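Input: a single structure, listed below in structure tokens.
The values are calculated or read from the model by the stated rules, or taken from the named source; none is laboratory data. Every value quoted in this text rests on a predicted model; they were computed, and no experiment measured them. Don't worry about glycine lacking a Cβ; one is built from the backbone with ideal geometry, like all the others, and counts go over all protein chains shown.
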Amino acid sequence: MFRSIVLFLYALFSVSADAEENLTLWYSHQDNSFINLLVNEFKKENDINISLVQFDPEKIKAEILLGAQYGGLPELVIFPSDFVGLHRLMKLSRIPDDWFLSDISPSAKVTAFTDGKYWGVPVIQGNNLLLYYNKKLVPEPVKSWEALLAKKQQYIDNNILPIGWNYQDMYYFIPFLSAFNGWPITNNKITLNTPEMVAALKYYRYVSEQKMVNEQCEYTCSQADFIQGKEAYAINGDWAYQDLKNNMGDNLGVALLPTIDGKQMRSMKSTFVISLPNYSVRSKQKRKLIEQFVKFVQRPTIQKLVYEKTHLLPVSEQLLNEYKKQAKGSDKVLFEQFELSKPMPSSIKMSIAWQAIAIGFKRYEDGLSAEESAKYMQHIAIQQMRRLKNE
């Protein structure tokens, strides 16, 4: 009798252990519904608990690097594709070739490729900036910065900021650099000490000096001000579209980034990839579940569901082309801005360039000339590249 009870309890707890298999997923995407949708749909087919941990986009990189150095990395991470350039420091595992579904767009797939291997699987693409406007305050959106500067006083006189964005974040500076024909990496080389960088820095400051933007208002502050009608326009990412739409409804307008002297601003674009820190040390059961999840999120049915619920662009080439042909209104603008945007490099050089631009820009804000700031950016980048080679 006692033996029967023991066997029953053993069987019971064995089943419970299998039913409560746990995975942890870290992510930085603003749209919670996107991540929750993926996880909830997966749970319908698998008896598993996936713990979600959301980080501020500006902090997740540091958290993963700290986790890699001191322990505590999750089984899964979803982050912008340029992070894969840090695959060695983040202890990311290579993605087997047969984990990719055949319909994935080649341009999306390549964003997860660096140093001869794939370090992530793209889940959505876009991650580019757009011009949003409040239809209550803006009957017709401007097409150029010159036009917006000409209208600025009518907003200021009504205690409305003409435009807002996360001024101190250099991701928002890149479209200005692009309008002056500059780019941080050219021919696989970091190119920051250029006349184009100098011109872009000066124009960026000029816009601020014209009281167009509150340069001290960071991301959360700027988005809140826009939703509350304190800003007429906002530069924000496609990742914010659903949040803004939920808060503003039909008052939300979407337009292309304005031109500068007739030259198009081009945001960077990338994918959000799912990557696997320390995959090889996971248990056999966890490795099986991880593989199932990675393949699951690529399914056309899931990609379709994500787009229809969140307007985040699928990585399936067929679905992307279908939705592009059908797009109207704001959806059409989302596709147009995506097409105008330029791919963000996924190599470690891009990570170094980000750091160098941010440090150089801080020097510029502290009073260094634009010319000296651009020179200092390049110096920082070269020093970092040398340090990495010597490690």
Could you grab me the full set of residues in segment 178-213 that are in contact with a strand residue (DSSP E or B) (Cβ under 6 Å, 6 or more places away or on another chain) and in a loop (DSSP other than H, G, I, E, B)? M212, V213
Subset of segment 85-105 [at pLDDT 95 or above and of a type in the set (V, I, T)]: I95
Select from segment 275-334 the residues that are among the hydroxyl-bearing types (S, T, Y), within 19 Å of the chain's Cα centre (by Cα) and part of a helix (DSSP H, G or I) and list them in ascending order. Y307, T310
In segment 63-101, what residues are within 20 Å of Q298 (Cβ to Cβ) and polar (S, T, N, Q)? S81, S93
Whether any residue in segment 63-72 is free of Cβ contacts under 8 Å to residues at least 12 places away in the same chain and charged (D, E, K, R) is what I want to check. no
Members of segment 304-319 found to be touching a residue at least 40 places away in the same chain (Cβ under 8 Å) and either buried (at least 21 other Cβ atoms within 10 Å of the Cβ) or of a type outside the set (A, V, I, L, M, F, W, C) (or both), listed by number: V306, K309, T310, H311, L312, L313, P314, V315, S316, E317, Q318
Restricting segment 53-64 to residues that are out of contact with any helix residue (DSSP H, G or I) (no Cβ under 6 Å at 6 or more places or on another chain) and crowded, with 16+ Cβ neighbours inside 10 Å, the one nearest to N247 (Cα to Cα) turns out to be P57
In the list V294, V213, V273, V281, which residue meets the criterion of being free of Cβ contacts under 8 Å to residues at least 12 places away in the same chain and hydrophobic (A, V, I, L, M, F, W, C)? V281
Residue in segment 278-303 that is surrounded by the most Cβ atoms within 10 Å (Cβ to Cβ), counting only those that are in contact with a strand residue (DSSP E or B) (Cβ under 6 Å, 6 or more places away or on another chain) and farther than 30 Å from G71 by Cβ: Q303
Kindly indicate which of T186, T220 is farther than 14 Å from S267 by Cα and either assigned by TED's automatic domain parsing to the domain that holds L252 or of a type in the set (K, R) (or both). T220
In segment 251-277, anything closer than 15 Å to A200 by Cβ and surrounded by 19 or more Cβ atoms within 10 Å (Cβ to Cβ) is listed as L257, P258, I260, M265, R266, S267, M268
Within segment 21-71, take every residue that is part of a loop (DSSP other than H, G, I, E, B) and under 19 Å from Q285 (Cα atoms) and give me the one that is modelled with the lowest pLDDT. D47
Based on what the data block shows, is K324 surrounded by 16 or more Cβ atoms within 10 Å (Cβ to Cβ), free of Cβ contacts under 8 Å to residues at least 40 places away in the same chain and not hydrophobic (A, V, I, L, M, F, W, C)? yes
